[in-house]
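I have placed the structure first, in the form of structure tokens, so that the comments after it can refer back to it.
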Amino acid sequence: MISVLIADDQTMVRQSFRAVLDAQDDIRVVGEAADGAEAVSGCAELSPDVVLMDVRMPGVDGVEATRRILGTGGAVRVLMLTTFDIDEYVYGALRAGASGFLLKDAPLDDLVVAVRVVAAGNALFAPSVTRRLIGEFAVRGQAAEPGARGRSGISDLTERETEVLRLVAKGLSNKEIAEVLVIAEQTAKTHVSRVFGKLGARDRAQAVVAAYEAGIVVPGR
């Protein structure tokens, strides 16, 4: 059973999402929050598997709430809800550790699928979409930070692992990485897992953020 906490400042949105999710045999909504602060306290109390987090909320917004929730080191995964597919908050949400994002006007069936995907430990969107998002923010100059190349884990990567991270950031799947490097798909999967481990990344989304920030991948090249 997947437990979910819904954080959104609009009551009708929360009720709509709750009705759809509670109707599923494998999903149970354990709580609601009207702002980021309530989401943080709700996670501490209820320990949900997934948090549906609205990006923009009064007081503590979704990005800051995500940062606080995931900063505790728990197993909860955060799925951001946003109005626009390219939103200035999206990059911040990914850096904070969110596992993906979903448009608020997406079909409700997509919401159910998204919760299951994130709960299973996967990023919500395809690597190619991840690349487009991070690339957009990197081009705007929002991705790079001073000293990012020395961020935790990057210097620990082997030459092969660095190449694997570069391919992940370019949007390649494990199978495609295996084809490029002429290795078995299982070997590629092992390399990817080791990269995630060294970076402390939960999924491809966070690994791509690290790659762009460290300058391992440059938009447009």
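Among the residues of segment 169-189, just one is small (Gly, Ala, Ser) and at positive phi, namely GLY171. If you check ALA106, ALA93 for being closer than 20 Å to THR11 by Cα, at pLDDT below 85 and of a type outside the set (Val, Ile, Thr), only one passes: ALA106. Just one residue in the set GLU38, GLU32 is out of contact with any Cys (no Cβ under 7 Å at 6 or more places or on another chain), acidic (Asp, Glu), modelled with pLDDT of 95 or more and in a helix (DSSP H, G or I); that residue is GLU38. Can you find a residue that is under 13 Å from ILE154 (Cα atoms), small (Gly, Ala, Ser), out of contact with any Leu (no Cβ under 9 Å at 6 or more places or on another chain) and modelled with pLDDT of 80 or more anywhere in segment 176-193? No, every residue in segment 176-193 fails to be under 13 Å from ILE154 (Cα atoms), small (Gly, Ala, Ser), out of contact with any Leu (no Cβ under 9 Å at 6 or more places or on another chain) and modelled with pLDDT of 80 or more. Among the residues making up segment 2-26, those that are closer than 14 Å to VAL112 by Cβ and not in a helix (DSSP H, G or I) are ILE2, VAL4, ILE6, ALA23, GLN24, ASP25, ASP26.
The values are calculated or read from the model by the stated rules, or taken from the named source; none is laboratory data. Please read all numbers here as calculations on a predicted model, not as lab measurements. So basically every Cβ, Gly included, is an ideal-geometry build from the backbone, and we count neighbours across all protein chains shown.
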